[in-house]
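Working notes, beginning with the structure itself.
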Amino acid sequence: MLRSKRARKTVFAIFWYIVLGITAVAVMLPYIWMLSTSLKGSDEVFAYPPNWIPRTWRFQNYVEAWNAAPFGRYFLNSAVVALAVTIGQLITCSLAAFAFARMEFKGKDVMFALFLSTTMISTQVTLVPSYLVLKTLRWLDTYQALIVPFLANAFGVFMMRQYFMTLPRELEDAAKLDGCGRLRFLWQVLLPLSKPIVASQALFAFMGNWNSYLWPLIVTTSEHMRTLQIGLRYFVSQEGGTQWGIFMAATVFVSVPIVLFYLFVQKSFVEGIATTGLKGA
Amino acid sequence: MKRNLLLIGLVLGLALLSACGREQSEPTPTAGAEPTEEQVITLEFWYALSGKTGEAVEALVEQFNASHPNIHVNATYQGSYGEIMGKVWNAIYAEQTLPQVAHLGGAPLLGKTGAIVPITDFTEGANGIDRSQIYDALWEYNSAGGQIWSMPFNNSVPVLYYNRDLFAAAGLDPDRPPTTWDEVIEYGQALTQDTDGNGEVDQWGFNTHRDTHWYISAMFLENGAQIVNEEQTEVLYNSPEAVEMLQLWGDMVNKYQIMPPAQHKEAKGDFLAGKLGMLLRSCAGIPSAAEEVTFDLGVAPIPAIAGRDPVEPVGGGSLVIFRSDDQAILDAAWEFVKFMTSPDGSLHLSTHSGYVPIYKDALEWPDLQVYLEEHPLQRVPIEALQYSYAIPVFPALGTSDGALRQAVEKVELGAATPQEALNEAKAVVDKNIAEQQ
């Protein structure tokens, strides 16, 4: 009886690992292809049947990619902007979410609905008005232009509010009895318990900003304010051919920070799940 | 040719301008343009070419700066034709700082905003040039409303890329590429093969790059059809001449089966991988294709109707000069534009990219002759320029290009007859024209 149960468990585990393995390979394929292409010469990129391992390894692609544009500066700009937006969003979203989840005030539901409705307006619609606002503030071609418009995010507020609402009221009551103020409760009790959602929100904010292209292109004109994604665009040719090997080499080093950031956040993600609950509170 | 993107940008910009119905005051290009103590004039130059062609543009700018101590050009890449046009429209609309010179596609459409100076103000001036040295079609390509607005810079025409190895394997003479559409069909049938015998074609005879509107327009023109009427109030491509050519296109897919239906996005990759015999595409891609192929590459002019001349509709970008109250800045801007588009500039660009030189006598330039000896494929589009033609630039051109691509797709998929598809396209575009007036 016990044996067969364990056997069944093993079979089940093997089955799951196969499913997970296939999914992992499917997810990884584009990245592996990117890596493979980044080491190929132009004559190999379109070879048919495709070869996954380059016949001649062309590490030169990375050197050429790095030298094609001032990527050092682009990295700095992207890092400053993405980190500032991520931190800013975590602060504004958690405060707003806390108010919507835990406080009672007049017009709360209407305001929340208004917040949510902004998620239905696409960026293209607000592009020109936002540009005009920045122009009036004389912020075009500055860090403010890249950071300030993204410091608040309705979807983040929504996500965090939903999560805060699932945490038991008793926590707040207990904290109140101990003389804990609202801000301190948010900072010391609610946020530590909400690590998974904080981690997801941070990841969304960071990735969204790291990858954004249209907005930085429109609001910056000088070389030293440009971000990484605009640098990548430099490899895509207008009517002629794109140098795929070099383009993919640049794509590899541009996407590395996102992978690192994910690994970093993933840890607190798991940790957060493990410590969620009333235990020890 | 990514004119579609640019025109989307344009149409958006136009829509914005008209929707808001506000007075268009002249934008003020100033910042960065004031002469410094040393009387050096700084010019901002926005351009839209990247990769190796972008490097060629930068090299030209450096040459200019080195040879003109009193002018400094600050060149920055601003994205594709569509993106750079979006930026320009945004700047015009917000009365924001514009550059002094920009490299744009569809440039003449900016004419009616009042933001740019007609280039003829400079070409006809004291420091002017002899315009007759440059192809007429290129001047027409830079005209709108009877005025030449911009200076031709990087231009390309569609050419037929073909795989000489596949030609030889199919028993065709690689030195005799097809010159007529009948031959394209004949050759295509020999090239279309099911190489592994599984009942599915895995080597196609013919296809075009994704900007199908460009190639179908060329075919319309070859058959004497017109794109738009004189007054530019309606498009004319539902005429029998145009329908006949779209019918031919559809027949290549459905009757002769030498072209796969609706697979233009994959066509370039298929060709480079050796799975496609002939590809119609911009000549701008010749140098990179020559590097990317592992087979013997051939290039031929666009095919024609038997007994008639081919038509090579020109594409590419131009240089514009924005208005300024300061004549010194305008003079400096023209000096720069003149340098970039001079025979030397044109030689540099055409020997570092797939774009054609804009001068009629280019084939007589010794330096170009030396270059073409090593790169014989690039001779083909230059010689084809004798058939160059400019599709008229009208504000609904973006909508028109999109409508034509849809019409082509409908016919390829059998969703409409050529007449129906073109009637629908015409209705959409005419409506758009009416809305813009």
Projected label distance in nm at A:Ala7 and A:Glu104, using a 7 Å step from Cα toward the beta-carbon: 6.2
Spin-label point model (7 Å from Cα, Cβ direction): what's the B:Gln436 to A:Tyr143 distance in nm? 4.3
Among B:Val408, A:Val11, what's the order by accessible area (1.4 angstrom probe), most exposed first? A:Val11, B:Val408
Qualifying chymotrypsin sites (Phe, Trp or Tyr not before Pro) for segment B:165-216 [loop in DSSP, other Cβ within 10 Å: at most 11]: none
If the convex hull is drawn through the Cα atoms of chain A, its volume per residue in Å³: 211
Magnitude of the Cβ-charge dipole of segment A:70-234, K/R +1 and D/E -1, about the Cα centre, nearest 20 debye? 200
Quick one: dipole size for the protein assembly as shown, taken about the Cα centre, charges +1 on Lys/Arg Cβ and -1 on Asp/Glu Cβ, in debye to the nearest 20. 4960
Longest site-free stretch - chain B; sites: GluC sites (Glu not before Pro), DSSP loop, at most 16 other Cβ within 10 Å: B:235-437
State, in square angstrom and to the nearest 100, the accessible area buried between chains A and B, both chains counted, probe radius 1.4 Å. 3100
Not counting the cut sites, what is the longest span of chain A without trypsin sites (Lys or Arg not before Pro) that DSSP labels loop and that have at most 15 other Cβ atoms within 10 Å? A:139-278
Going by a 1.4 Å probe on protein heavy atoms, which residues of segment A:44-90 end up with at least 20 Å² less accessible surface in the whole assembly than in their chain alone? A:Phe46, A:Tyr48
When the charge dipole of the protein assembly as shown is computed with +1 at the Cβ of Lys and Arg and -1 at the Cβ of Asp and Glu, the Cα pointing farthest to the positive end, of B:Tyr135, A:Val256, B:Leu330, is that of A:Val256
Mean Kyte-Doolittle of at least -1.0 and a Cα length of 24 Å or more along the axis: which whole DSSP H helices of chain A meet both? A:2-37, A:71-102, A:244-275
Mean-square fluctuation check for chain A, GNM, Cα pairs under 10 Å: which of A:Phe15, A:Phe264, A:Phe112 is largest? A:Phe15
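Protein chains only, probe 1.4 Å: how do A:Val19, A:Val45 rank by accessible area, largest first?
Solvent-accessible surface, decreasing: A:Val19, A:Val45.
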So the label point goes 7 Å from the Cα of B:Asp194 along Cα→C-beta, right? Which residues of segment B:253-269 then have their backbone N under 15 Å from it? B:257-258
Show the residues, 5+ positions off or on another chain, whose built amide H is closer than 5 Å to the amide H of B:Ala304. B:Thr180, B:Trp181
Over the protein assembly as shown, what is the percentage of antiparallel beta bridges among all DSSP beta bridges, to the nearest 5? 60
If every Lys and Arg gets +1 and every Asp and Glu gets -1 at its Cβ, then about the Cα centre chain B yields a dipole, in debye to the nearest 20, of 740
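From the Cα gyration tensor of segment A:70-234, with a ≥ b ≥ c the square roots of its eigenvalues, which class applies: rounded if a/c is under 1.5, or else prolate if a/b is larger than b/c, or else oblate?
Prolate, since a/c reaches 1.5 and a/b exceeds b/c.
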Probe 1.4 Å - accessible area at B:Ile116, Å² to nearest ten: 0
With each label point set 7 Å from Cα along the Cα-Cβ vector, what nm distance links B:Asn423 and B:Asp121? 4.8
Based on the Cβ-Cβ distance from B:Glu409 to A:Trp66, what FRET efficiency comes out when R0 is 56 Å, to the nearest 0.05? 0.85
Taking amide H atoms as placed 1.01 Å from N in the peptide plane, list the residues 5 or more away in sequence, or in a different chain, whose amide H sits under 5 Å from that of B:Thr192. B:Gly205
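At 1.4 Å probe radius, can you tell me the per residue accessible area of segment A:70-234 in Å²?
Per residue, segment A:70-234 has 50 Å² of solvent-accessible surface.
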Of B:Gln406, B:Asn432, B:Gln378, which is farthest towards the positive pole of segment B:361-434's charge dipole, taken about the Cα centre with +1 and -1 on the beta-carbons of Lys, Arg and Asp, Glu respectively? B:Asn432
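The values are calculated or read from the model by the stated rules, or taken from the named source; none is laboratory data. What you see is a predicted model; the values in this text were computed from it and never measured. Reconstructed Cβ throughout: ideal geometry from the backbone, glycine too, with neighbour counts over all protein chains shown. Just so you know, the surface numbers come from the protein's heavy atoms only, side chains and all, with ligands and any DNA or RNA stripped out. Shrake-Rupley method; radii C 1.70, N 1.55, O 1.52, S 1.80 Å.
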